[in-house]
Every structure is written in structure tokens, then in C-alpha cells.
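Visitor: Attaching a single structure in C-alpha cells format; questions to follow.
The values are calculated or read from the model by the stated rules, or taken from the named source; none is laboratory data. Being a predicted model, the structure only gives us computed values, none of them experimental. Backbone-built Cβ (ideal geometry, glycine too); neighbour counts: all protein chains shown.
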Ligand code: PMV
């Protein structure tokens with residue numbers, strides 16, 4: 001039997017914009033998905049991951065498609081494999097649960113079948129698996145889950161390739177994840193943004209320019225450890241996400257609660273229209289922000305960011 005694990009991720013800047021070749025910044029979080037792979041008489045999948053209610057049912061057919069894509073890309077029939085998924089990453093929209101499970105499954109398969117895949121190869125195959133969930137994934141989720149840390153990621157939309165750069169940040173800050181409790185369908189939301197862009201190319205090119213300024217300034221602010229400004233830029237990024245219609249009543253409520261209770265910045269993260277809101281907090285106000293979110297009936301968690309990527313074992 002082989003065991004591998006990979007972390008979830010949060011997109012600090014650039015979800016959706018990253019699909020169109022703009023740079024985005026993501027970070028791996030502490031919670032991980034563990035994949036166990038063992039030989040068996042027939043194929044089976046046991047999904048014991050904790051979840052936001054309804055997530056696994058909603059994503060089941062996408063998960064079947066994703067695992068078939070992984071077997072194809074890895075050139076395994078997969079009819080004699082039992083896969084068990086577990087770990088402390090709560091399967092939720094926005095946390096990169098699909099990317100983490102793809103990366104962990106590929107690493108465990110590589111170990112069990114002695115394929116000796118490098119991290120780059122694991123990432124490329126995990127990207128094939130992500131197509132089952134995202135339709136046209138940018139690749140940021142699997143890349144972040146595979147390599148860990150803080151990743152500045154850019155998809156080259158002409159060649160289909162990608163660029164990634166690790167940012168070595170000494171900054172340590174806490175992020176609160178507020179959960180709307182709603183599972184979003186990434187394929188559908190990404191398609192909807194694409195049709196808006198086709199209908200209104202001028203508006204989108206203005207939004208892309210505005211976003212580019214935000215990410216350029218965010219990188220400088222992160223390196224200068226200017227958390228106040230990072231928070232301000234998160235708010236600006238959220239406004240753009242609202243403009244492309246991927247926010248929701250629940251996400252707006254979570255952003256409002258976070259800012260009202262002292263967060264330096266707040267935005268939706270990942271697909272949107274459900275899933276997670278992230279808020280940048282410091283030690284003095286993190287409890288107030290988390291409590292306010294919980295008192296309003298949502299789940300809130302504080303996470304450490306910049307965690308390690310895929311690895312064998314837990
Ligand atoms: O909801 P998540 O965590 O799977 O993130 C999706 C991010 C998008 O930019 C909307 C899509 C993508 O493939 O980058």
C-alpha cells in the first residue's frame with residue numbers, strides 16, 4: 001500500500017483572472033488530503049474526507065471523470081486499484097479540495113506502481129485530473145497543492161503551458177476562512193464568466209487592466225510585509241470579482257462581517273457563488289472576526305499559510 005498527502009490552497013489574488021493568463025497568487029494551507037492506494041481485485045474508491053454538507057454528492061460524477069483522466073494520463077488501467085481518501089482538509093469549494101486530492105492520488109499511484117514520477121510529472125497528471133472538475137482549469141490549484149508555499153502562477157494561454165514562481169516570504173500572517181456552506185460548480189461558473197467576457201470584451205479588458213495593477217502592487221506589498229496594503233488590495237480584488245458576478249449574498253455578508261470586526265481585508269476565494277471568504281487578520285482581532293462569523297451562523301477557521309506541498313505519507 002502507498003500513502004501520499006497534499007495540502008489545500010487559498011487564492012489570495014486572481015481567481016478567474018488566472019484562467020485568462022493573468023498572474024495569480026495562491027498559498028498552501030495546513031490541512032491536507034491523504035490518499036491511500038492499494039492493489040485489489042477490482043477498482044473501488046472510498047471517500048472518507050470530511051466535507052461541507054453535500055460537497056461529495058455534488059462533485060461525485062466530476063470525481064469519477066477526474067480519476068479516469070488520471071488513470072489515462074498515468075497509463076494505468078486502474079481496474080485493480082482501491083483508493084481511500086481521508087485527511088483533515090474539509091472538502092469545500094474554494095479550498096482546492098479537488099487539486100489536493102488529484103495531487104495526492106497521483107503521488108500515491110506513482111509510489112505503489114513504482115513509476116518514479118517527479119513533482120513536475122505529478123503536477124502535470126494532477127492537472128489532467130483537474131479537468132474533470134474545472135472544465136478548463138488554469139492549473140493553479142494542482143500547482144499549489146503539489147509544490148506548496150506561496151506560488152505566483154501564470155497560465156500561458158497561447159501555448160497552454162504555465163509559469164510558476166515560488167515567493168520566499170518571511171511574512172507570517174493569519175487568514176480566516178469563512179464558509180458559506182454552499183458548494184459551487186467551478187465548470188459552470190468559469191463558463192459563465194467566459195460568456196460575459198465574450199459579450200462584453202471592452203469591459204473585461206478594463207477589468208483585466210485594473211486587476212493587473214492590483215497583483216503588481218500586492219507582490220511588492222507582500223515582500224515589504226505591508227499587511228495593511230495587502231488587505232486594501234484584497235478588498236479591491238473582491239470588488240472586481242463582484243463586477244464579474246461571482247460573489248453572492250452569503251459571501252457579501254461574510255466580507256462585511258470580517259471588515260466590520262477589524263479584518264485588514266476580505267475577499268471571496270476560489271470559484272465564488274458559494275464556497276469560502278478569506279479575511280486578513282492580525283493576532284489582536286482574529287478572535288473577534290472568527291466569533292462574529294460564527295455568531296452569524298457560518299463556520300470559521302483560522303489557518304496558517306505557506307505549507308508544504310505533496311509528499312509521501314501523511
Ligand atoms: O474553487 P476552487 O478552489 O477550485 O478554485 C477555482 C479557481 C478558478 O480560477 C475559478 C478556476 C481555475 O481553474 O483557476
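Visitor: Cβ-Cβ below 6 Å, separation at least six or inter-chain, first residue in region 23-35 and assigned by TED's automatic domain parsing to the domain that holds residue 83 and surrounded by fewer than 22 Cβ atoms within 10 Å (Cβ to Cβ), second outside any strand (DSSP E or B) and at pLDDT below 95: which pairs?
Guide: 30/304; 30/307
Visitor: If I filter region 248-272 down to residues being within 16 Å of the ligand (Cβ to nearest atom) and buried (at least 24 other Cβ atoms within 10 Å of the Cβ), which single residue comes out as farthest from residue 18 (Cα to Cα)? Working first, answer last.
Guide: Residues of region 248-272 that are within 16 Å of the ligand (Cβ to nearest atom), as a first pass: 248, 250-251, 254, 267-272.
Next cut, buried (at least 24 other Cβ atoms within 10 Å of the Cβ) only: 251, 254, 267-272.
Numbers: 251: 20, 254: 24, 267: 16, 268: 15, 269: 13, 270: 11, 271: 11, 272: 14 Å.
Checking each candidate, the answer is 254.
Visitor: Contact list please: Cβ distance under 8 Å, first residue in region 189-208 and assigned by TED's automatic domain parsing to the domain that holds residue 240 and under 24 Å from residue 275 (Cβ atoms), second residue more than 11 Å from the ligand (Cβ to nearest atom) and outside any helix (DSSP H, G or I), pairs at least six apart or on different chains.
Guide: Short answer, once both residue conditions are applied: 192/245; 193/245; 196/245.
Visitor: Moving on. Can you tell me how many residues in region 23-33 are in contact with a helix residue (DSSP H, G or I) (Cβ under 8 Å, 6 or more places away or on another chain) and more than 10 Å from the ligand (Cβ to nearest atom)? It would help to see each step written out before you state the result.
Guide: Of all residues in region 23-33, those in contact with a helix residue (DSSP H, G or I) (Cβ under 8 Å, 6 or more places away or on another chain) come to 23-28, 32-33.
Now narrow it down to the ones that are more than 10 Å from the ligand (Cβ to nearest atom): 23, 25, 27-28, 32-33.
Selection size over region 23-33: 6.
Visitor: In region 154-167, which residues are closer than 15 Å to residue 136 by Cβ and either at pLDDT 95 or above or touching a strand residue (DSSP E or B) at 6+ places or on another chain (Cβ under 7 Å) (or both)?
Guide: Once the filter is applied, which keeps residues that are closer than 15 Å to residue 136 by Cβ and either at pLDDT 95 or above or touching a strand residue (DSSP E or B) at 6+ places or on another chain (Cβ under 7 Å) (or both), region 154-167 yields 155, 156, 162.
Visitor: So, in region 81-123, exactly how many residues are at pLDDT below 95 and more than 16 Å from the ligand (Cβ to nearest atom)?
Guide: Within region 81-123, residues that are at pLDDT below 95 and more than 16 Å from the ligand (Cβ to nearest atom) number 0.
Visitor: Conditions first: (1) farther than 20 Å from residue 63 by Cα; (2) within 16 Å of the ligand (Cβ to nearest atom). Residue 1 passes all but one, so which condition is the exception?
Guide: (2)
Visitor: Considering only region 124-142, state which residues are within 10 Å of the ligand (Cβ to nearest atom), under 13 Å from residue 106 (Cβ atoms) and either outside the structural domain of residue 100 (by TED's automatic domain parsing) or touching a residue at least 60 places away in the same chain (Cβ under 8 Å) (or both).
Guide: Once the filter is applied, which keeps residues that are within 10 Å of the ligand (Cβ to nearest atom), under 13 Å from residue 106 (Cβ atoms) and either outside the structural domain of residue 100 (by TED's automatic domain parsing) or touching a residue at least 60 places away in the same chain (Cβ under 8 Å) (or both), region 124-142 yields only 130.
Visitor: Quickly run through region 273-299 and pick out the residues that are closer than 23 Å to residue 53 by Cβ, part of a loop (DSSP other than H, G, I, E, B), touching a residue at least 40 places away in the same chain (Cβ under 8 Å) and away from the ligand (no atom under 16 Å from the Cβ). It would help to see each step written out before you state the result.
Guide: Filtering region 273-299 for residues closer than 23 Å to residue 53 by Cβ gives 273-279, 290-299.
Pick out the ones that are also part of a loop (DSSP other than H, G, I, E, B) and you get 273-275, 296-298.
From the residues that got through so far, the ones that are touching a residue at least 40 places away in the same chain (Cβ under 8 Å) too are 273-275, 296, 298.
The answer is 296, 298.
Visitor: It is to be established whether one or more residues within region 168-179 are part of a helix (DSSP H, G or I) and modelled with pLDDT under 95.
Guide: Taking region 168-179 and keeping what is part of a helix (DSSP H, G or I), we get none.
Scanning region 168-179, I find no residue that is part of a helix (DSSP H, G or I) and modelled with pLDDT under 95, so the answer is no.
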